[in-house]
Amino acid sequence: MDEELHERVREIIATIPAGRVATYGDVAAAAGAPTPRLVGRILAEDGQDVPWHRVLRANGTPAPHLVHRQLELLRGEGVLADGQRVDLRRYRWQPE
DNA sequence: AGGCTGACGCGGC
DNA sequence: CGCCGCGCCAGCC
């Protein structure tokens, strides 16, 4: 696999400030990942030590299996969700 | 080689 | 809201 990309993705996610979020697509684009799926995968296997909870899907909802946990962590940073959906227009952070 | 599976995204109906 | 299909790609049979 691509260790370079792997690290870049993690670095970018580490950049997202508390109280803000980014989408898989945003991270993928900033990291030069070929597809957002890669981002999800990298997080699945190596995302424990980065603010993974600040990464949402394009519609503002978290990945299905961690909705609860994730929204809870976000709520702790002041990111409120309407049901399961976070208002991206308000909290979205553009990674560089 | 071929098929399936995802922490995805987007456009269509 | 929901469902469907298609594109994407690394890993693991």
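Structure notes:
- Considering the range A:64-83, and only residues there that are surrounded by 15 or more Cβ atoms within 10 Å (Cβ to Cβ) and within 15 Å of DNA strand C (Cβ to nearest atom), the residue that is farthest from A:R37 (Cα to Cα) turns out to be A:A81.
- Filter result for A:G78 (assigned to a loop (DSSP other than H, G, I, E, B), over 13 Å from the mean Cα position of the chain (by Cα) and not hydrophobic (A, V, I, L, M, F, W, C)): yes
- Here A:L73 fulfils each of the conditions (1) in contact (Cβ under 8 Å) with a residue 24 or more places away in the chain; (2) of a type in the set (A, V, I, L, M, F, W, C); (3) out of contact with any strand residue (DSSP E or B) (no Cβ under 9 Å at 6 or more places or on another chain) apart from (1).
- The residues in the range A:46-60 that are without any contact (Cβ under 8 Å) to a residue 40 or more places away in the chain, buried (at least 17 other Cβ atoms within 10 Å of the Cβ), more than 8 Å from DNA strand B (Cβ to nearest atom) and not small (G, A, S) can be counted, and the count is 1.
- All conditions in (1) touching a Gly at 6+ places or on another chain (Cβ under 8 Å); (2) closer than 14 Å to A:P95 by Cβ hold for A:I12, with the sole exception of (1).
Every number in this text was worked out from the coordinates using simple rules, so none of it is lab data. Given the structure is predicted, the values throughout are model-derived calculations rather than measurements. When we count neighbours, we look across all protein chains shown, and the Cβ atoms used for this are built from the backbone with ideal geometry, even at glycine.
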